[in-house]
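Shown next, in structure tokens, is the structure this report addresses.
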């Protein structure tokens, strides 16, 4: 499916926003200004954006500890996220969540999640809700998507969720982002089949797709098919995207498990943003000047967000006690 | 008022609330019962008969019979709640919280706080708990203490059919996640239940079930009846006890406890769970901190021992608190000068 120029520019802008947002975090973390644990999504942008460009605010996603990309792709506010990561009271979660717990339920973003594998059951519940609400005027169901990695695919919760989605015919989609590393452990070791993840989902009785997660068009086109299938009420589906993680498991990870030259190679050969630029300009869908302009605008927006985050109000000690309950 | 069993109060309240509010959804293992069998849907209707007839009335989308997957049941309840529904998930045995604990502890309890108060999670996890069925170590426990200790959860422990109706309706209409603990040995207990379809009992309000000036007895769930039985025997001997049914352990009605202890000066806490890091020790600490000057005797605790729950009838009886043990504890508190 060929996207319009506007859609392509929007997709590029979102991918580039994720990249610029996180590269800035990567630098800022070195200075010690940002507290806590941060897990960067860089390298996987085509997956988050290729999936979420198809969704409305009424479609739900549940993310992971590596969640900035999913949040930004689902429409979470850049400044609100930056302020949250800075721990500000003005952050999306008022400084209570931080990098690993960013959520914006109004945007259908049901939370990044610090527990690997915890998201899939929550997505199944959201999909059950979509099934109860039924199809829209065009006969299409809303969906709920669980993003999981090759680490989460080994959790029992993910297995339970896949089976329950099949049994209840919930419009859930399990998106597996295989970046070949669960924390510091290789896919070939930790996934016992030593095969793909999608075949596991298939074994639970759902239809599966596989695509190159570093190719935006492949992700986007695949998701068109997946969503058509799931929105039509055929029950859940799964997709595995083969992708790359440009940074460590967490910021500060020395990455001694990587092969020599691996990081250079994947940045050279498997950078989804680079590939997007090349294919879009070669096909004359966009020209370099358009993309450079987006780059400049994104850089400006990120810089503005950081300035705002630095200046934003700090939480107060009494905020600790707020928002545990609605009424207690 | 209508006379009904504790289990019928559960089922009727859910039925009425599902009729009233389309967003109320039930899910759990065998809540329909018989799915995929020759007997067909509702061949069972829930092993506790607390969901009988719901499937026929409300259908498969709102009465969701799940595989045996406790993590996914609780997690799905969380996802439903974040998506505008009011799920009532059933854990067939409270002991199974071990299987689903992450979804209770790290997910539904924390969504609101982690997300900066911008969401609500009106999920109910019904936990069928307690001893009395000789069901041994993995099907008899009372894990209320660990749940009470989790910020973000409310924990409810009704002891009568009327309290089931009032507290369960409150739980269903409540916007925070609620652990609703139903004692399996109380399911057959009969009692009067108000007919009012909006009958709710607000959380954090204990119930004084016996009044006396000499000793305060605190209890929940099945322990309430035992405490009442001990209090009635003691009353015949001229010893008056306040028996306080806490009803909810989170929030806790501290005022009712402290007010009573200020009068009696003597406290017996009855708890079906083992004694360490328990509801009993928590209440004991509360009174020691906030009513120390009123105490005229050491606080007595009647609890299960620090052991798993044994199977044999004689052993389970020895394990559990009972009216005799409670009476002895009251007399011990009174004997202290």
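The values are calculated or read from the model by the stated rules, or taken from the named source; none is laboratory data. For clarity, every value in this text was computed on a predicted model and none was experimentally measured. Here the Cβ positions follow ideal geometry from the backbone for every residue, glycine too, while neighbour counts run over all protein chains shown.
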- Task: For residue B:42, work out the one condition from (1) at pLDDT 95 or above; (2) away from every other protein chain (no Cβ under 14 Å); (3) surrounded by fewer than 24 Cβ atoms within 10 Å (Cβ to Cβ); (4) assigned to a loop (DSSP other than H, G, I, E, B) it doesn't fulfil.
- Result: (1)
- Query: Got at least one residue in the stretch B:171-178 being out of contact with any helix residue (DSSP H, G or I) (no Cβ under 8 Å at 6 or more places or on another chain) and either within 20 Å of residue B:93 (Cα to Cα) or in a strand (DSSP E or B) (or both)?
  - Reply: yes
- Message: Checking the structure you have, find out if any residue of the stretch B:3-21 is closer than 20 Å to residue B:181 by Cα, more than 13 Å from every other protein chain (Cβ to nearest Cβ) and assigned to a strand (DSSP E or B).
- Response: yes
- Message: For the stretch A:184-197, give me each residue that is surrounded by fewer than 21 Cβ atoms within 10 Å (Cβ to Cβ) and either assigned to a strand (DSSP E or B) or in contact with a strand residue (DSSP E or B) (Cβ under 8 Å, 6 or more places away or on another chain) (or both).
- Response: A:185, A:186, A:187, A:190, A:196
- Considering the stretch B:113-136, residues that are buried (at least 21 other Cβ atoms within 10 Å of the Cβ) and at positive phi, and then whichever is farthest from the other protein chains (Cβ to nearest Cβ), we arrive at B:130
- Message: Among the residues of the stretch B:96-111, are any in contact with a helix residue (DSSP H, G or I) (Cβ under 8 Å, 6 or more places away or on another chain) and more than 12 Å from every other protein chain (Cβ to nearest Cβ)?
- Response: yes
- Is it true that residue A:252 is surrounded by fewer than 19 Cβ atoms within 10 Å (Cβ to Cβ), modelled with pLDDT under 95 and more than 14 Å from chain B (Cβ to nearest Cβ)? yes
- Restricting attention to helices (runs of 4 or more DSSP H) lying wholly within the stretch A:51-164, give those where 1 or more residues are within 7 Å of another protein chain (Cβ to nearest Cβ), more than 20 Å from residue A:15 (Cβ to Cβ) and at pLDDT 95 or above. A:119-133
- Note on the structure: Subset of the stretch A:199-216, residues surrounded by fewer than 23 Cβ atoms within 10 Å (Cβ to Cβ), under 29 Å from residue A:274 (Cβ atoms) and touching a residue at least 40 places away in the same chain (Cβ under 8 Å), comes to A:215
- Which numbered condition residue A:92 fails, given (1) within 30 Å of residue A:29 (Cα to Cα); (2) touching a residue at least 24 places away in the same chain (Cβ under 8 Å): (2)
- Task: Search the stretch A:290-328 for residues being in a loop (DSSP other than H, G, I, E, B) and either under 30 Å from residue A:6 (Cβ atoms) or modelled with pLDDT under 95 (or both), and hand back the single one that is nearest to the chain's Cα centre (by Cα).
- Result: A:327
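What residue, of B:185, B:162, B:231, B:219, is touching a strand residue (DSSP E or B) at 6+ places or on another chain (Cβ under 6 Å) and surrounded by fewer than 23 Cβ atoms within 10 Å (Cβ to Cβ)? I'd like the intermediate steps shown before the answer.
On the way: B:185 fails: touching a strand residue (DSSP E or B) at 6+ places or on another chain (Cβ under 6 Å); B:231 fails: surrounded by fewer than 23 Cβ atoms within 10 Å (Cβ to Cβ); B:219 fails: surrounded by fewer than 23 Cβ atoms within 10 Å (Cβ to Cβ).
None of the other options fit; the residue is B:162.
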